[in-house]
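Asks: One structure, as structure tokens, below. Some questions next.
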Amino acid sequence: MKKLITFIVFLFTGLVCFAQIAVKGTVKDTYGNPLPAAGVQIVGTSQGTTCDMDGNWSISVPDESSQLEVSFLGMLSKTISVGKDRIINVELKDDSIGLQEVVTIGYGSIKKEEITTSISRVKSDDFAKGGVNSPLQLLQGKVAGLGISTTSGSPSAEPNVSLRGISTLAASSSPLIVIDGIVGGSINSVASEDIESIDVLKDGSAAAIYGTRGTNGVIIITTKKGRNGVANVSYEGYVKFDFMEQDKQILSATEWRDKMADPDIKAALDKAHIEPQDYGETSDWVKAVTRNPVSHNHYVSLTGGNSKTHYAASTTYSDREGIYRNSFDKSMAIKLRIDHSMFDDKFKAELIVHDRFAKQGRVPDEIYDNASKWNPTFPMYNEDGSYYMTNAETPVCTANEWQGINKYNQLTASGKLLFRPVTGLTLSVTGTYQNDYNEDEWWGSHKTYQAVYGAEDGYAGLSGSHGDDRTLEVQADYAKAFGDHNFSVTLGYSYNRYVQQRWGMSAYDMPVDGFGVWNIGTANSTIEGLSTLSSYKWERKLIGFYGRVNYNYHNRYILMLSLRCEGSDKFGANNRWGVFPAVSAGWRITNEDFMKNASWINELKLRAGFGVTGTEPASAYQYISLYNFNNSYMSYVDGKWVNGIIPTNNPNPNLKWEEKQETNVGIDFAFLDSRLYGSLDAYYRYTKDLLYTYSVPTPPNISNSMLANVGSLENKGVEFCINGDILRGKDYSLSIGGNISYNANNLISLSNEQYQLDYLKLGNLQHVQTYSHLIETGQPIGNFYGWKQAGLKGQGASWRIVGAENSAAGEEQKTVLGNGIPKMFAAIYLKASYKGIDLSVSFHGAFLYQILNQYRMMYETLAWAQTYNIPRTAYEKIGDFYNYAPSTYCDYYIENGNYMKLDNVTLAYNIPCQKIKYLKSARVYLSGRNLFTITKYKGLDPEAVNIAGLTPGVDSLTKYPVTHAVTFGINFSF
Amino acid sequence: MVLSLGLFASCVNLEPEIYSDITLDKLMGSADVTTGYILSPVYGQMRWFNEDRSVWDLYELGTDAWVIPINTDGGWNDQGIWQRLNKHEWQTTDPHFAEVWDHLWYGINTCCNRVLYQLESAGVELDPRMVAEIKVARAQYYYHLLSLFGNVPVETRYDVPEGYLPETKTRKEVYDFVVKEIRDNMDLLSSERTYSTFNKWAAKQMLARVYLNAEAWLGPEYASKRDSTVILCDEIINSEKYDLEADFSAPFALDNNTSSEVIFSIPYDETTAVDGHPILHCIYAKTMHYQGAPIFNAASAGYNGLRANPQYVTETWDAEEDPVTHNLIPGTDRDKRYSKTYLMGQQYNYVTGDSLYFVGKTKPYNHTNYISSVTAADEFEGYRFHKYEIKIGQKWETDQDWTVYRLAETLMMKAECLLRSGDAEGAADIVNYVRSRAFSASLPEEERSLTAAQLSATVKVDGVDVRYGEFLNELGREFCGEAMRREQLIRFDDVYTKGSWWAHTPSNSDHLKLFPIPQDERIANPKLKQNPGYPN
């Protein structure tokens, strides 16, 4: 047979001067399953083909010295010399640890095996499942050191993100988002379903090429793109049911009356002159303002391409309901990605468009708090159907008569041209335009408390903003190998300018209900000249030069150097430019000759890196002395009011970049046929010249605070992630993985020559009017600072404060009561499959921290019994007494925050569809999210407590309760 | 990299573009920006004096006239700041001090020093009268520092070198500065009646008040300054620009901008007000019950904080109350100022005329002259401050103007000086002239008038034997709630530290006659010295 083919080929080459050799074969996996759409490409050319449904391929090669590269997504590629063979059957091995996957790094990409920094990649298969509200939730529990917590049940809420502790005081702790190469993209512009993979750059040496915005890490999102082969149409849809947890602290009317009838409680109330009122009704306020929400989501995509052109387009429609009637989030996202190569691949053009439009209904934040504490005997309505109200608006009235609608449109469009003049050199120009348009409506009807009892008879407020973000990037990449020495160099320039316009108008005394905000001109306040108008416009610019050199010797020793010089117009002329270098190196021990015999070790790599990143101030113009009108300073002169012009800031001409230096060492490993793999990282982050609004003396300063660079802090920690493929088989698989991270934070200093400060008191606790946190040098950020108690005194009239047992307690008695930042995060996940059925289970948790239970602190005292439906536990004795002390901030309300949560269980069935015409795959699944939480915390959900910022761990009173959800979904691919 | 920089030299322009703010060059150089806008904050800042936790609180809440108890629901606990203010147990970290410090220095440095310096450097020709007015306004801010904190820096320059930190001056130096500033500038001011700006007479009244307090502030050697007070008061009286109103309430009425008695006031306006605007907090928001809106058909209700001290009401006023209900016995308030100072008794819905009740219709909305507990005061207990007219449809944003200086005070300052100088008859004549409008002419003379002997006598006030104690009581009746009580109690035999009222027990500690320099300021500026007697 071989001979015959050789003969024929020979015949052909003889007959035709440029005759070629035809080769064919099949591509299969290790279980003998054919791999449809696997790619076969002639090395060094753009010629190639893809396998058919049975894994068959055929191609013509120029000669026997030709090499073919056979690749399939998720498999280790193979390169084969044609030689004499004319039928080449290839078996591809699973790339279970993704060594050859291309990972996106700053302004480029690299094979995973060549990475020298701390980068985590999460692929769509591994995303958190079950109807997420934000793409960031896809990463929950998936990346060691990246804490993602869902702090609100609002269908529009973004989760809280923290990476490797708290590295900055003033600026935000959000990581930089990069979407399909677009730096500074908005997470709002993409649909979760459209995301193929997310790379998280954790350490400084990885993020430094992004310079200024990389301090909090970088999250690089890659959306689905078209691939060579037949067109693919897919549909993914789900319906989601949310459930609210019954708050066991809330008393029903019956239970409330039982408490009031209790002689002990009655005596305690009388003693304190507290007379709770029974209004005679039975009202369930929480039930009255909430519903059982149903949400649905639909995603349709079309992808395809050939060797020259690739395309991907998708639309996503999402309709999510919140637990309140007026709370919803409806959005529509479209995505388009096309690239085309021409002139023998010398030119390539790429176009990416993401656009997402959302309409979000929102309700006042305090509804749940009000509903949970409203007297359960209070009537909801009068006989005529109007709201029963006395001195305040009932939650039912608030929920029905106030409404807010927020609409936004987030457009991201980018065009890129690549030119490859000679082998190895790529020149590119990218222009990106991002446009965010936001419109906020807020109105109250003629039935609100304000309207019925106050002077504002119907309120309407409309505000908006329009941001215009333009980026130009020019970049050159050059790669060259000299023997075993492989070099690649990247040089680039980036210009970015953002301009934002904001405006607003508000009016009251609306003539009729029903206009919402869309006829503000008719408001009586407008006619009387009392409506308000405002507008503001600002800009910022960021210019960067960046470069990177990658060096790889024999795939054993890898070095990466990068440098970014960045200038920002938020600083004065002397401090505008910052330099952010990074160096990292990797040693692939497995590729050393001495490791040849250790066949059980599949991958062993040591990594070390150091990188510097910067942070610019959140607000523009802080270094310039600016003035503005402020009608708080108007005065009455010559018979009319004259507006006042005052300085808007204490200008700081010395303002400069905040700088973070990070050292990271790590090891990547894979053992036993890559069944056991993972990585271990340790880091040290040091941030200096911390940007913070410091207190300055008045006089001589014009106001008592100034944004300045003072102080330093450090974070150190370890991260470990491990995966075990316990079972691997043709019809079954089982893998278990997990990650754990530990971070310790320390504030080194708050002083320099000009500013001397040992501590900051932060966190205004409503009603008890004291600060909650002390930020002190030599201490971790996040320390709760207040009184320790030793039970009640005065028959329950006040707390006995340790150190002031018989006197009034003051500042001297305050001490550290705990810390609100989890030191440890952990997650465990399990994936199992058998034939068409697969199951995934994931847990995540946060540990070693405390929470201030503000609900208990505020209301767990009989002092509020007359005003509110106080919690069940308020009717329990503390020691010998019932507590009727005024709400007091003390350690009694600081609770252990540790929790472990079963955040997802998904069971799916892949319907066999080989026999069904047109249908490539079909899958149905049932998924539960946020199923249960193991914790000692007495509040609703420890995960819902904000753990970011400088006053972490305070469980807010005005929160949107987080829900449990069950999702049913189907996916089809045609 | 160098090459790149060269290549893209034109692409590295980082000059910021500013759209909605004004730079100093534009502010001073542009024809659009009139000097009026720049000058406006000189007076505008004074409206912060009457905000919550501001100047008014420090003059009134540490005295016998007012209390803010903790309510049964725990409201107004605020970590004890109000209790401490009443008991004189304040701490250097209490928020009032920092707030007042900031408001006053913002007025001095940011609003006055800056404006004077920047207009001068920009070559703007200012009318000498305007410069004098700014300096007198600045003296008004300094006068509060002098009275409340005593030992503070004296700063008149805005263009100080970087790193410059002001140093504490003695109270005597601050006093000398304030006196000199007013004396140097007052006669440059307008001698016509003005509304809400400083004229000659308002400046003289301020100086008269400074001299009146000089002895209490600086020692017996300043007793003779009261002669200067008499001279200044006479100048104001003899200017014939001002008249005593026939109605005691006229200087506090909604239309008090036209009152012939008012020499200087701080104007407020509900229509120009927006969120974050300073308001007159004590006259409504601080004192009105949160269900009090129907009384005035008001747009907003209050916080149920400020209440009259029952002991003060009983001891200062010659009125009788029912020992059981703690309500006024009708007709016993012969002094009309009593009912024109407080909101008391059962309250009614303005529109329907119905009696008001607490929710559930069990508890009548009745302000009694009784407070059951310092730490658990019931809903409606205590009289409320109602000297200023509350508008029908009152909003949170006040429309009333705050009367700072009025002719009644001019007269009473003169009377006090005469009394202290031995002319009790002359003093009685003035006191009875001011007093006459408060009583019905049909009442017998002895009820309407105070005699020289009564005024000269030593009388117990708050448990202290006070020389001229009846004159102090008369000041308490005439000027109740006008941010003068603290100075009065210090001037009259140190009742401020020796007296007993409500939660306050005698401390006899002289250092409490000055408030502490706020702790945070001393951290920010180590050159500031703490006042004697406070922890350093």
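Asks: Please give the number of the condition A:ARG213 fails out of (1) farther than 24 Å from A:ILE323 by Cβ; (2) of a type in the set (D, E, K, R); (3) within 13 Å of the chain's Cα centre (by Cα).
Replies: A:ARG213 satisfies every listed condition except (3).
Asks: Separate question: Would you kindly identify the helices (runs of 4 or more DSSP H) lying entirely within the stretch B:1-70 that contain at least 2 residues that are at pLDDT below 90?
Replies: Per the criteria, B:2-7, B:24-29, B:35-44.
Asks: Confirm whether A:THR430 is away from every other protein chain (no Cβ under 14 Å) and within 30 Å of the chain's Cα centre (by Cα).
Replies: In short, yes.
Asks: Which numbered condition trips up A:LYS730, out of (1) assigned to a strand (DSSP E or B); (2) away from chain B (no Cβ under 14 Å)?
Replies: Of everything listed in (1) assigned to a strand (DSSP E or B); (2) away from chain B (no Cβ under 14 Å), A:LYS730 misses just condition (1).
Asks: Can A:TYR408 be described as part of a strand (DSSP E or B) and either over 24 Å from the mean Cα position of the chain (by Cα) or within 27 Å of B:GLY292 (Cβ to Cβ) (or both)?
Replies: Considered against the rule, which asks whether it is part of a strand (DSSP E or B) and either over 24 Å from the mean Cα position of the chain (by Cα) or within 27 Å of B:GLY292 (Cβ to Cβ) (or both), A:TYR408 comes out as no.
Asks: Let me confirm something: among A:MET595, A:MET634, which residue is free of Cβ contacts under 8 Å to residues at least 40 places away in the same chain, in contact with an Asp or Glu (Cβ under 9 Å, 6 or more places away or on another chain) and among the aliphatic types (A, V, I, L, M)?
Replies: After applying the criteria, what remains is A:MET634.
Asks: Would you check if A:ASN597 is of a type outside the set (Val, Ile, Thr) and closer than 27 Å to A:SER174 by Cα?
Replies: no
Asks: Just one of B:LEU450, B:LEU472, B:LEU489, B:LEU455 is touching a residue at least 24 places away in the same chain (Cβ under 8 Å) and either surrounded by fewer than 17 Cβ atoms within 10 Å (Cβ to Cβ) or under 18 Å from B:GLU60 (Cα atoms) (or both); which is it?
Replies: The unique qualifying residue is B:LEU489.
Asks: Next up: Could you count how many residues in the stretch B:85-102 are facing another protein chain (nearest Cβ under 8 Å) and either closer than 21 Å to B:ASP64 by Cβ or not in a helix (DSSP H, G or I) (or both)?
Replies: So the answer is 3.
Asks: Okay, moving on. Considering only the stretch A:538-574, how many residues are among the small types (Gly, Ala, Ser), in contact (Cβ under 8 Å) with a residue 60 or more places away in the chain and farther than 11 Å from A:THR212 by Cβ?
Replies: So the count comes out to 2.
Asks: In the stretch B:250-279, which residue that is crowded, with 19+ Cβ neighbours inside 10 Å and either assigned to a helix (DSSP H, G or I) or more than 14 Å from every other protein chain (Cβ to nearest Cβ) (or both) is modelled with the lowest pLDDT?
Replies: B:ASN256
Asks: Against the definition (more than 27 Å from the chain's Cα centre (by Cα), within 18 Å of A:ALA208 (Cα to Cα), surrounded by fewer than 23 Cβ atoms within 10 Å (Cβ to Cβ) and within 11 Å of chain B (Cβ to nearest Cβ)), how does A:TRP641 come out, yes or no?
Replies: When the stated conditions are applied, A:TRP641 does not pass them.
Asks: Looking only at the stretch B:60-88, filter to residues that are closer than 19 Å to B:TYR534 by Cβ and touching a helix residue (DSSP H, G or I) at 6+ places or on another chain (Cβ under 8 Å); which one of those is surrounded by the fewest Cβ atoms within 10 Å (Cβ to Cβ)?
Replies: B:HIS88
Asks: Considering only the stretch A:188-196, I want to know if a residue exists there that is closer than 30 Å to A:PHE968 by Cβ and part of a strand (DSSP E or B).
Replies: yes
Asks: Please go through (1) surrounded by fewer than 21 Cβ atoms within 10 Å (Cβ to Cβ); (2) within 22 Å of B:ASN432 (Cβ to Cβ) for B:CYS233 and return the number of the only condition it doesn't satisfy.
Replies: B:CYS233 satisfies all of (1) surrounded by fewer than 21 Cβ atoms within 10 Å (Cβ to Cβ); (2) within 22 Å of B:ASN432 (Cβ to Cβ) except (1).
Asks: Continuing with the same structure: Check the stretch B:297-312 and report whether any residue there is away from every other protein chain (no Cβ under 14 Å), touching a His at 6+ places or on another chain (Cβ under 9 Å) and within 16 Å of B:GLY393 (Cα to Cα).
Replies: No; the residues of the stretch B:297-312 include none that is away from every other protein chain (no Cβ under 14 Å), touching a His at 6+ places or on another chain (Cβ under 9 Å) and within 16 Å of B:GLY393 (Cα to Cα).
Asks: Could you tell me which numbered condition B:SER40 fails, if it satisfies all but one of (1) without any contact (Cβ under 8 Å) to a residue 12 or more places away in the chain; (2) surrounded by fewer than 22 Cβ atoms within 10 Å (Cβ to Cβ); (3) of a type in the set (S, T, N, Q)?
Replies: Only one criterion is unmet by B:SER40, namely (2).
Asks: Now a separate question. Do you know which residues across the stretch A:604-629 are of a type in the set (A, V, I, L, M, F, W, C), outside any strand (DSSP E or B) and either more than 10 Å from chain B (Cβ to nearest Cβ) or within 25 Å of the chain's Cα centre (by Cα) (or both)?
Replies: Those that are of a type in the set (A, V, I, L, M, F, W, C), outside any strand (DSSP E or B) and either more than 10 Å from chain B (Cβ to nearest Cβ) or within 25 Å of the chain's Cα centre (by Cα) (or both): A:ALA618, A:ALA620.
Asks: Touching a Phe, Trp or Tyr at 6+ places or on another chain (Cβ under 6 Å) and either in a helix (DSSP H, G or I) or closer than 27 Å to A:MET858 by Cα (or both), is that true of B:TYR143?
Replies: In short, no.
Asks: Report those strands (runs of 3 or more DSSP E) wholly inside the stretch A:449-561 carrying at least 1 residues which are hydrophobic (A, V, I, L, M, F, W, C), surrounded by fewer than 20 Cβ atoms within 10 Å (Cβ to Cβ) and away from chain B (no Cβ under 13 Å).
Replies: So the answer is A:459-482, A:485-508.
Asks: A follow-up question, please. Would you point out which residue out of B:THR316, B:THR325 is more than 14 Å from every other protein chain (Cβ to nearest Cβ), surrounded by 22 or more Cβ atoms within 10 Å (Cβ to Cβ) and either within 30 Å of B:GLU215 (Cα to Cα) or touching a strand residue (DSSP E or B) at 6+ places or on another chain (Cβ under 7 Å) (or both)?
Replies: From the options B:THR316, B:THR325, the qualifying one is B:THR316.
Asks: Given the options B:GLY481, B:GLY476, name the one that is over 25 Å from B:ALA223 (Cβ atoms) and either at pLDDT 95 or above or under 25 Å from the mean Cα position of the chain (by Cα) (or both).
Replies: Selected residue: B:GLY481, the only one of B:GLY481, B:GLY476 that is over 25 Å from B:ALA223 (Cβ atoms) and either at pLDDT 95 or above or under 25 Å from the mean Cα position of the chain (by Cα) (or both).
Asks: Scan the stretch A:254-269 and report the pairs whose first residue is within 16 Å of A:THR867 (Cβ to Cβ) and whose second residue is loosely packed, with under 13 Cβ neighbours inside 10 Å, with Cβ atoms within less than 9 Å and a gap of 6+ or a chain change.
Replies: Pairs that qualify, where the first residue is within 16 Å of A:THR867 (Cβ to Cβ) and the partner is loosely packed, with under 13 Cβ neighbours inside 10 Å: there are none.
Asks: Still on this structure, please answer the following. Please give the number of the condition B:ASP52 fails out of (1) at the interface with another protein chain (Cβ under 10 Å from one of its Cβ atoms); (2) under 22 Å from the mean Cα position of the chain (by Cα); (3) touching a residue at least 60 places away in the same chain (Cβ under 8 Å); (4) surrounded by fewer than 20 Cβ atoms within 10 Å (Cβ to Cβ).
Replies: (1)
Asks: Which residue is modelled with the lowest pLDDT, if the candidates are limited to the stretch A:20-46 and must be surrounded by 16 or more Cβ atoms within 10 Å (Cβ to Cβ) and hydrophobic (A, V, I, L, M, F, W, C)?
Replies: Among those that are surrounded by 16 or more Cβ atoms within 10 Å (Cβ to Cβ) and hydrophobic (A, V, I, L, M, F, W, C), it is A:ALA37.
Asks: What's the number of the only condition in (1) touching a helix residue (DSSP H, G or I) at 6+ places or on another chain (Cβ under 6 Å); (2) closer than 21 Å to B:LEU58 by Cβ; (3) more than 13 Å from every other protein chain (Cβ to nearest Cβ); (4) buried (at least 22 other Cβ atoms within 10 Å of the Cβ) that B:LEU145 fails to meet?
Replies: Answer for B:LEU145: the failing condition is (3).
Asks: Restricting the stretch A:867-917 to residues that are under 39 Å from the mean Cα position of the chain (by Cα), over 19 Å from A:GLY794 (Cβ atoms) and of a type in the set (A, V, I, L, M), which is surrounded by the most Cβ atoms within 10 Å (Cβ to Cβ)?
Replies: Ranking the candidates gives A:ILE870 first.
The values are calculated or read from the model by the stated rules, or taken from the named source; none is laboratory data. Remember, predicted model here, so these are calculated numbers, not experimental data. Note: ideal-geometry Cβ built from the backbone for every residue, glycine included; neighbour counts use all protein chains shown.
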